[in-house]
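Shown next, in structure tokens, is the structure this report addresses.
The values are calculated or read from the model by the stated rules, or taken from the named source; none is laboratory data. In this text, all values refer to a predicted model and were calculated from it rather than measured experimentally. Heads up, the Cβs are rebuilt from the backbone with ideal geometry, glycines too, and the neighbour counts pull from every protein chain shown.
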Amino acid sequence: MGLGCIVSGILLFILLAQYAGLLPAIFFCVLVSARGDRTATWRSSFVLAAGVTAFGIFLFSWLLGVQIPIIRGV
């Protein structure tokens, strides 16, 4: 189950980054991947995903200037 969650998270990131933007891509990648840990709860996975998303947006969008929109269509 753990490996499936991690691979699914990576594939989800690829799809969402292209069609939905950086924010949903990072959030759902981390959320799905965190569910691969047997001790993780939904709440802890959500908190982790929110924190990594905030740091990821700051790092990739503002510091590094990666050209992926934060949210597509906005």
With respect to residue 53, is the statement that it is polar (S, T, N, Q) and without any contact (Cβ under 8 Å) to a residue 12 or more places away in the chain true? no
Return the pairs, sorted by first residue and then second, in which the second residue is hydrophobic (A, V, I, L, M, F, W, C) and in a loop (DSSP other than H, G, I, E, B), the first residue lies in the stretch 20-37 and is over 19 Å from residue 73 (Cβ atoms), the beta carbons are less than 7 Å apart, and the residues are 6+ apart or on different chains. 34/40; 36/1
Go through 36, 51 for me and flag whichever is in a helix (DSSP H, G or I), closer than 25 Å to residue 1 by Cα and over 9 Å from the mean Cα position of the chain (by Cα). 51
Considering only residues of the stretch 54-73 that are surrounded by 15 or more Cβ atoms within 10 Å (Cβ to Cβ) and part of a helix (DSSP H, G or I), which is nearest to the chain's Cα centre (by Cα)? 56
Odd one out for residue 28, checked against (1) touching a Gly at 6+ places or on another chain (Cβ under 9 Å); (2) aromatic (Phe, Trp, Tyr); (3) over 25 Å from residue 65 (Cβ atoms): (3)
Here is a check on your reading of the model: is residue 47 surrounded by fewer than 16 Cβ atoms within 10 Å (Cβ to Cβ) and at pLDDT 95 or above? yes
